[in-house]
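Enquirer: For reference, the structure I am asking about is given below.
Taken together, the values in this text are just the output of simple stated rules run on the coordinates, not laboratory data. Not measured: the values here are computed from a predicted model. With ideal geometry, Cβ positions are generated from the backbone for all residues, glycine too; neighbour counts draw on all protein chains shown.
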Amino acid sequence: MEIEKIYPPYIYSIKYDDEDVNEFERLFENWRDLDVVVDFFEKNKEHLKSKVWSAVCEPEAAAYQVSEEADDLEILFRKLYFNAKEKNKPDFDSHFKFLDGKYKFEFEYAPMKSYGTESPSFIRLYAIKMGANRYIIVGGGIKLCKTIQESPYLKDHIIQNIDKVRAWLKCYGIYEENEFTN
């Protein structure tokens, strides 16, 4: 596992040992691959029938929304980067939200979430907060249900990835950005 720069000194991403690219790049590539996203929605079609997704209840329409959300989120991250550099709001701290559930009272290596720009949003990025406006992306995906535990793919990966990265950071005593960018 290693940490790669995305928008230094603010946004970094984990690159897992078994992956060719870091999580930030992998997620945006996947979200823009309409074949991959349509296939995901075809396999999880029953979730699109919920009233939350009634406007995009067909896999193809949902896939296009995911692609648009990915484009919009990437543009938003660039804006947040420039705002953070200039000490303006909104910045990354304005955008990321605490992840509740088992992490509700975790303040060291606090797990955070980022939504896409639509409401409701299909896409999520999950990160570890390392300080003011400092985040390490650990994973993400398409969230179809109210909780991570109910959402296909997320339920099998996100909590495990968060726990794995938090343990890795603790093991190596990485508490601040300068400890992983040297």
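Enquirer: Under 7 Å between Cβ atoms, which residue pairs at least 6 apart in sequence (or on different chains) link something in segment 17-33 that is of a type in the set (Asp, Glu) with a partner that is surrounded by fewer than 20 Cβ atoms within 10 Å (Cβ to Cβ) and not in a loop (DSSP other than H, G, I, E, B)?
Expert: Taking only residues 6 or more apart or on different chains, the pairs are 19/26.
Each row is one residue, and each column tells you yes or no for (1) under 16 Å from residue 24 (Cα atoms); (2) touching a Pro at 6+ places or on another chain (Cβ under 9 Å); (3) touching a residue at least 40 places away in the same chain (Cβ under 8 Å).
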{"residue": "94", "(1), (2), (3)": "no, no, no"}
{"residue": "124", "(1), (2), (3)": "yes, no, no"}
{"residue": "131", "(1), (2), (3)": "no, no, yes"}
{"residue": "137", "(1), (2), (3)": "yes, no, yes"}
{"residue": "140", "(1), (2), (3)": "yes, no, yes"}
{"residue": "152", "(1), (2), (3)": "no, no, yes"}
{"residue": "155", "(1), (2), (3)": "no, no, no"}
{"residue": "166", "(1), (2), (3)": "no, yes, yes"}
{"residue": "171", "(1), (2), (3)": "no, no, no"}
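Enquirer: In this structure, is residue 29 part of a helix (DSSP H, G or I) and surrounded by 13 or more Cβ atoms within 10 Å (Cβ to Cβ)? Outline the logic, then answer.
Expert: Details: part of a helix (DSSP H, G or I): yes; surrounded by 13 or more Cβ atoms within 10 Å (Cβ to Cβ): no.
No.
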